[in-house]
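Asks: I'd like to ask you about the structure that follows.
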Amino acid sequence: MTEEKSRITAGTGMGTVSENTPAGRPPGNAPAIDPPPMVMGDVAGHDVQAASRMSELRNMLRALAVDRPDESPGQILRRLDTAQARLTLADSATAILARLHQTADGAWQASWSVAGLPPLLITADGNASYLTGGHAMLLGLRPTLERPTTQSSLPDGATLLRYTDGLVESRTRSLDDGVTRLRQHATTHRHLPLHRLCAELARDSGDTRDDITLIAVRTPIRPQFG
């Protein structure tokens, strides 16, 4: 049995929800993720060994991010890649590391580095686009590779969605069809509360034969004066 919990970051109005659907199970609710920096990733396989490798990589990435908080997401992912290669934790893995920062005027900025599928940004007015910056090859292929970091402002009321490949990859459709389907469904359901949005996307877009994990963050709408 799984649980769902949404979190509002204290004093900011920023909402965060995670959704996890193990392979072969209907979409359900999952424990809330850790506070920023936000980490998501996946390794090949669905067995106990794959789960153990993913847990080791996740914990190592969190430790590296805490150890040097001034490093960019790309620098941290490179250090993770170097460490996992020496420890042979995984042949290859996807990962995304993102940091959120609130400016003095209350606006939000995100910086991220991606080894795998790009995050999806859905604005309040329905414009959905994949953030292709900060992208590099999977972890484990070239551990010495310099990994880029991209930074972007997040509009008020926008939803930033991170996900594993089970949400867009399927044995019955192409990857292009999967990412198009996700963008369309996310746009249609953008007004839903985050926990319902994640549940709808996992049910409508995902392949239940694969593990599916989503992390959604929504920026607050700032009051307008004057």
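Asks: List, please: which pairs have Cβ atoms under 7 Å, are six or more places apart or on different chains, and start with a residue in the stretch 176-191 that is farther than 15 Å from Ala216 by Cα and end with one that is acidic (Asp, Glu) and open to solvent by 40 Å² or more (accessible area, probe 1.4 Å)?
Replies: So the pair list comes out as Gly178/Glu169.
Asks: Same structure, new question: Could you check how many residues of the stretch 173-208 are in contact with a Leu (Cβ under 7 Å, 6 or more places away or on another chain) and either open to solvent by less than 40 Å² (accessible area, probe 1.4 Å) or in a helix (DSSP H, G or I) (or both)?
Replies: Within the stretch 173-208, residues that are in contact with a Leu (Cβ under 7 Å, 6 or more places away or on another chain) and either open to solvent by less than 40 Å² (accessible area, probe 1.4 Å) or in a helix (DSSP H, G or I) (or both) number 10.
Asks: Looking at Thr123, Thr88 in this structure, which one is of a type in the set (S, T, N, Q), under 20 Å from Arg162 (Cα atoms) and either at pLDDT below 85 or under 18 Å from the mean Cα position of the chain (by Cα) (or both)?
Replies: On the way: Thr88 fails: under 20 Å from Arg162 (Cα atoms).
Within the list Thr123, Thr88, the selection yields Thr123.
Asks: Moving on. Would you please name the residue that is nearest to the chain's Cα centre (by Cα), looking only at residues in the stretch 170-209 that are among the charged types (D, E, K, R) and within 11 Å of Ala128 (Cα to Cα)?
Replies: Residues of the stretch 170-209 that are among the charged types (D, E, K, R), as a first pass: 171, 173, 176-177, 181, 183, 190, 196, 200, 203-204, 207, 209.
So of that shortlist, the ones also within 11 Å of Ala128 (Cα to Cα) come out as 183, 190.
Working: Arg183: 15, Arg190: 17 Å.
Ranking the qualifying residues of the stretch 170-209, first place goes to Arg183.
Asks: Another question, if that's okay. Determine which single condition Ala110 fails, assuming it passes every other condition in (1) open to solvent by less than 30 Å² (accessible area, probe 1.4 Å); (2) assigned to a strand (DSSP E or B); (3) touching a Pro at 6+ places or on another chain (Cβ under 6 Å).
Replies: Exception for Ala110: condition (3).
The values are calculated or read from the model by the stated rules, or taken from the named source; none is laboratory data. None of these values were measured; they are calculated from a predicted model. Note: ideal-geometry Cβ built from the backbone for every residue, glycine included; neighbour counts use all protein chains shown. The area values use the complete protein model at the heavy-atom level, side chains included, leaving out ligands, DNA and RNA. Shrake-Rupley method; radii C 1.70, N 1.55, O 1.52, S 1.80 Å.
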